[in-house]
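Every number in this text was worked out from the coordinates using simple rules, so none of it is lab data. On a predicted model such as this, the values are computed, not experimentally measured, just so you know. Neighbour counts run over all protein chains shown; Cβ positions are idealised from the backbone, glycine included.
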Amino acid sequence: MGTLLKNAQIVNEGTIFNGHLLIEGERISKIYKASDHIFNEEGHEVIDIHNNYLLPGVIDDQCHFREPGLTHKANINTESTAAIAGGTTSFMEMPNTVPNTLTQELLQDKYNIGAKTSLANYSFYMGASNDNIEEVLKTDPKTVCGVKVFMGSSTGNMLVDNKETLEELFSKCKLLIAAHCEDETTIRNNMAAYKEKYGEDVPIECHPEIRSEEACYLSSSLAIELAKKHNTRFHLFHLSTAKEIGLLENETPLKEKRITAEACIHHMWFSDEDYESKGAFIKWNPAVKKSSDRDAILNAVIDGTIDVIATDHAPHTVEEKLNTYFKSASGGPMVQHALVAMLEHYHNGKISLEKMVEKMSHAVADCFKIEERGYIKEGFYADLVVVDIDNPWTVEKENLLYKCGWSPMEGQTFKSKVMQTFVNGHLVFNMGEIDEDFRGKRMTFDF
C-alpha cells in the first residue's frame, strides 16, 4: 500500500505548485498537479496536507552528535530525533568524537552506531590529522561524505598545521575535503593578549576579537590557495566574515564548482550585539561577529556565492557552557530549529521559499553528489517535510529534544511549524509524535 499526500503546496526546483504526491515503498512514485484529476486514492493511505507546504527534507552537512565518547551531552539517537522534528532528514557528522575518527575501523564503528540508532539518514566524515594520511586515502568516496580537516583549534589530535601534511592531503585526496579554517597562531596571540589584560575573566564580548576576522581569513585563504593549486574538491565550513566572501565566486554552476562554501544558521541569525543577553550560549568557533558580517553572509547565500546552509549543531551541557571564558565550551544545538529559523527570514522578506529549499536541500545534494536525495522527484527517496507557515509557537525547555536540554533559541517565537517529516517514505514525525523504532539509511554518493 502506498501513501498519497493530497493538497500540498509543493516547493521544488524553483517552483511552487498545488499538487499531490504518491509514495510507494521508500520512494516518490508519482507527482501530480492539482489540475491532474487522474490519481486513484483506492488502495493507498491518504494524508491530507491541507494546503501546507511540502518541501524536500533538509540535508545538514555539518553536525556534531558526540557519539562515541561524549554521550553525556548528545548521542546519535537523541540528536537525529531532534533533527527529524525540525525537518532535517539527513545529516553528515563530524570526526572530533572520542576517540577521534582517524582510522577506517573507528569510522566503521560510527556507521554501525548510526545503523542501529539514527532516525535520520546519515553519513560520517573521515578525520584528518598530521599523521594519518594513509588512512585517509583508504576512504571510499561512494559511501563516505568527505574528509574533515581542522585548520584551527580543535579537539584531540585533529589540528592539521603541518604544511607538508596539508600539501600531501590536498594533492592526493580524491574525496571532498571540508575544513574548519581559523589560523591557530593568530588565535593564540590574541588569547595571550586578552589574558594578560583580563586574566581568566575575559568578557564573552571579546570572543570575536580573539577568534578574529584575520584568523578566519588567513586560514581560509590558505586552504583555497591549496585547493586551487591541486584542483582539490574543497568545501569551506561555517564562513563567518564578510571578508572571506571575497575568496569565493558565483559565476560557475554549483555542479561544476571545485571550491564551495557553507553558511550556518547562527552566523545568519545572531551578531556581536547578542553576547550581552546570550553570553556563552552563542559562543561558537568561528565566532559570531558583526551584524554587517551576518547580513553579508545571508546575501551571499542568496546570490550563490555561498552554496549551502547548515547548522554546525554542537551541543554541550549547561555546566560546560557556564564557565570562565577560556573554559567555556564553544558550540550549541541547532538542528531542531534550523528550518524554522530560515523560514523566519522568509517571513521577514529576506529569502524566498524556493531559494531556502535550494540552499538547504537541492544544493547540499549537488555539492556532495548525494544519490537520489535532496529533491522532490519521481524515483527519488521520499525524504519530505510538511510545514505550516502560519502556526506560531515558542521555543521552551519543555519542547526541546536535544539531550543537552537547552537552546540559544529559547524564548524565540517562530511563525512557522514543522508538522510532519517523512524519511525514506516513512512518516517518522507526525504532529509531535515520533516513531522511535524507525531507522534511517546510510547515504551514498555519485563518485
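Observations
- Euclidean distance between Cα centres, the stretch 66-129 to the stretch 350-413, Å: 19
- Dipole of the chain, positive direction: furthest Cα of Thr241, Thr185, Ser80, with charges on the beta-carbon: Thr185
- Taking one quarter of the surface of the C-alpha convex hull of the chain gives a mean projected area of 19.7 nm².
- Taking 0.36 nm per residue of separation and subtracting the Cα-Cα distance, full extension of the segment from Glu214 to Asn7 would add 69.5 nm.
- The simple spin-label model puts a point 7 Å past each Cα toward its Cβ; for Glu41 and Glu256 those points are separated by 4.8 nm.
- As a calculated quantity, the FRET efficiency between Lys174 and Ser352 at R0 = 25 Å, using C-beta atoms, amounts to about 0.10.
- If R0 is taken as 41 Å, the Cβ-Cβ distance between Asn162 and Glu26 corresponds to a FRET efficiency of 0.40.
- Which of Thr317, Thr15 has the fewest Cβ neighbours within 10 Å, and the rest in rising order: Thr15, Thr317
- Packing-based ranking, highest mean first, of 428-437, 360-369, 23-32 given that Cβ atoms within 10 Å are counted: 360-369, 23-32, 428-437
- Each of Thr143, Asn132, Ala382 was scored by the projection of its Cα onto the charge dipole of the chain, and the greatest displacement toward the positive side belongs to Asn132; charges sit on the C-beta of Lys, Arg, Asp and Glu.
- Amide H contacts under 5 Å for Lys441: Asn121, Tyr122, restricted to partners 5 or more places along the chain or on a different chain, H placed in the peptide plane at 1.01 Å from N.
- Separation of the Glu436 and Glu249 label points, Cα + 7 Å toward Cβ, nm: 5.2
- Rounded tilt (10° steps) of 291-302 against the dominant C-alpha axis of the chain: 40
- Centroid-to-centroid separation of the stretch 1-28 and the stretch 208-234 [C-alpha atoms, Å]: 41
- The chain: antiparallel DSSP beta bridges as a percent of all, rounded to 5: 50
- For Leu175, no residue 5 or more places off, or on another chain, has a built amide H under 5 Å of its own.
- Burial ordering of Asp388, Asp131, fewest other beta-carbon atoms within 10 Å first: Asp131, Asp388
- Take 240-246, 137-143 and order them by the average number of nearby Cβ atoms within 10 Å per residue, most first; the result is 240-246, 137-143.
- In order along the stretch 209-222, the phi-based Karplus estimate (6.51 cos²θ - 1.76 cosθ + 1.60, θ = phi - 60°) of 3J(HN,Hα) comes to 8, 6, 8, 8, 4, 4, 4, 5, 5, 4, 6, 4, 5, 5 Hz; Gly and Pro are listed as x.
- Gain on full stretching of the segment that runs from Thr71 to Leu137 - 0.36 nm per residue minus C-alpha separation: 20.9 nm
- C-alpha long axis of helix 163-172 to longest principal axis of the chain, angle in °: 30
- For the stretch 324-336, 3J(HN,Hα) per residue [Karplus equation, 6.51 cos²θ - 1.76 cosθ + 1.60, θ = phi - 60°, Hz, x = Gly/Pro]: 5, 3, 6, 9, 6, 6, 9, x, x, x, 8, 5, 6
- Arranged from fewest to most other beta-carbon atoms within 10 Å of their beta carbon, Thr324, Thr421, Thr103 become Thr324, Thr103, Thr421.
- Of all lysines in the structure, the ones whose alpha carbon falls short of 23 Å from that of Lys110, not counting any fewer than 8 places away in one chain, are Lys73, Lys138, Lys142, Lys148, Lys174, Lys369, Lys403, Lys441.
- Remark: the stretch 115-123, residue by residue, has Karplus-estimated 3J(HN,Hα) of 4, 7, 10, 7, 7, 9, 5, 9, 8 Hz, where x stands for each Gly or Pro and the curve is 6.51 cos²θ - 1.76 cosθ + 1.60 at θ = phi - 60°.
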